[in-house]
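Since every read-out is calculated from the coordinates, none of them should be taken as a lab result. A quick note: this is a predicted structure, and the numbers were derived from the prediction, not measured. FYI the Cβ positions are ideal-geometry reconstructions off the backbone, even for glycines, and counts take in every protein chain you see.
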Ligand SMILES: *Cc1c(COP(=O)(O)O)cnc(C)c1O
């Protein structure tokens, strides 16, 4: 039996232990230290690079999670209870949950079909309508690089600048993705990175915030370390957070930076193989870069399945309540109340997922749009049907460093075999 093929497994360079050992040997087993500084410097060098143009001068702050980075970016943009924040609906919950931590309200905006990310025209419509309805501008805009694909950041920035609303780029899945040769996360006011176990690189768990300058980076760092005032004792005048990255995790990150380019190239290579092996399969389409400005890292490779394509066993899809949950570190989950919900992937997509699972291949539906999540049922949403339509027909396929050429061949053979 083959080993199970996972969507995206962490892959070590072998150098991580050297950095961790150094942290132990020098007794820097705390949430700061030489590895944190070194990792931040490596990250700055990477994200500031531009193809054919001089580098940028953004600063990066290492944090305990990408979710923490979203939270602190919102605070830095002045988000307060009662405020509204525009966020892409087609995303993982970490983009929108921190808005609610602050007592603010997410305003969900649907996607456009090219990139699958926030639709700039609908975004402007949402801004105008929120101003008309509430008398206030949204406090920030969060586009998301879903599966690594860049959003239309040129149009997003043009609109955001016109209304003078700061952009927080959620590049958690898009580390190393470029738009016009420039790293995602460096166009807006802030940029979020994640180093969770299944992302492009990992620190076991961790994240970072790309900041526009040293002063704003210092402010983020201050919030991330409990917002302390300089007295000989603890003096608190502002609520802070314990969000700093640990020096041990940063050691893993420094090791991972030595294989980052290799990881990105491998993800792109796997994407190209899927396109090659599936190009003649009717009813299955890979989601690729929609134009020359786009350079996705293909963190996950995604495909859409024609609703008319018949998959073996699809008449039995959703017959059973699922136990467990999707997600690498899903942790404790609630038992599902029913086998179905009012918004779910088509039967043929679920049947394909089950067929691949039986062949020891992990596949997953696309992320269910936030405006369809029960927890956000009362949030305002500007909808065009694109994300819901994609959720019904889409599937994520394995793409990580451990996925070999032979694995992609095996996955594609299994997809072909599953078709009636
Ligand atoms: C992973 C992820 C994050 C951040 O997640 P952490 O697990 O907290 O590092 C944020 N947004 C998106 C879209 C993500 O996929």
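Distances between every pair of Cα atoms in region 1-94, grouped in 5 Å steps from 0 to the bin holding the largest one, split as 2, 9, 11, 14, 17, 16, 15, 9, 5, 1, 0, 0 percent. So, how do all the Cα-to-Cα distances of region 368-418 break down into 5 Å bins, in percent, from 0 on up? Percent of pairs per bin, in order: 4, 16, 17, 15, 11, 12, 11, 10, 5, 0. Nearest 5 is fine: what % of DSSP beta bridges in the chain come out antiparallel, could you say? The antiparallel proportion sits near 65 percent. Rg of the Cα atoms in the chain, relative to 2.2 N^0.38 Å, amounts to 0.98. Using a Gaussian network model of the chain with C-alpha springs under 10 Å, which one of 81, 113, 54 is most mobile by mean-square fluctuation? Result: 54 has the largest fluctuation of those listed.
Subtract the Cα-Cα distance of residue 417 and residue 281 from 0.36 nm times their separation in residues, and report this length gain in nm to one decimal. Mind dumping the intermediate values first?
Numbers: separation 136, 0.36 × 136 = 48.96 nm, distance 1.11 nm.
Fully extending the segment from residue 417 to residue 281 adds 47.9 nm.
Once the mean of 1/r is taken over each pair of separate Cα atoms and inverted, region 321-420 shows a Kirkwood hydrodynamic radius of 15.5 Å. You can think of it this way: the chain between residue 258 and residue 134 has 39.8 nm of extra reach, that is 0.36 nm per residue less the Cα-Cα gap. Across the chain, C-alpha contacts under 8 Å between residues 6 or more apart give a mean separation that, scaled by the residue count, equals a relative contact order of 23 percent.
Computed over region 209-279, the quotient of the alpha carbon radius of gyration and 2.2 N^0.38 Å is 1.82. Between residue 25 and residue 204, the modelled label-to-label distance comes to 2.0 nm, taking each label 7 Å out from Cα in the direction of the beta carbon. Label-to-label distance, residue 93 versus residue 51, with points set 7 angstrom from Cα along the beta-carbon direction: 3.7 nm. If you look at the Cα atoms of region 85-177, you get an Rg and a Dmax of 12.3, 38 Å. Enumerate the residues in region 62-105 having an amide nitrogen under 20 Å from the point lying 7 Å beyond the Cα of residue 378 toward its Cβ. Those under the cut-off are 80-87, 96-105.
What the pair-distance distribution of region 239-377 shows, using all Cα-Cα distances binned every 5 Å from zero, is 2, 7, 11, 16, 17, 15, 14, 11, 6, 2, 1, 0 percent. Between residue 236 and residue 11, the contour length at 0.36 nm per residue exceeds the Cα-Cα span by 76.9 nm. Dividing the Cα radius of gyration of region 194-245 by its Kirkwood radius returns 1.09 for Rg/Rh.
The residues 347, 306, when put in order of fewest to most other Cβ atoms within 10 Å, stand as 306, 347. From least to most packed, judged by other beta carbons within 10 angstrom and beginning with the fewest, 395, 383 follow the order 383, 395.
Every helix of 4 or more DSSP H residues in the chain counts as -39500 (n - 2.57), and over all residues that averages to -10500 deg cm²/dmol at 222 nm. Under 1.5 on a/c is rounded, so check that first for region 16-258, then, if it is not, pick prolate when a/b is larger than b/c and oblate when it is not; a ≥ b ≥ c are the square roots of the alpha carbon gyration tensor eigenvalues. Since a/c reaches 1.5 but b/c is at least a/b, the shape of region 16-258 is classed as oblate.
Model label points for residue 226 and residue 125, set 7 angstrom from Cα along the Cα-to-Cβ axis, are 4.9 nm apart.
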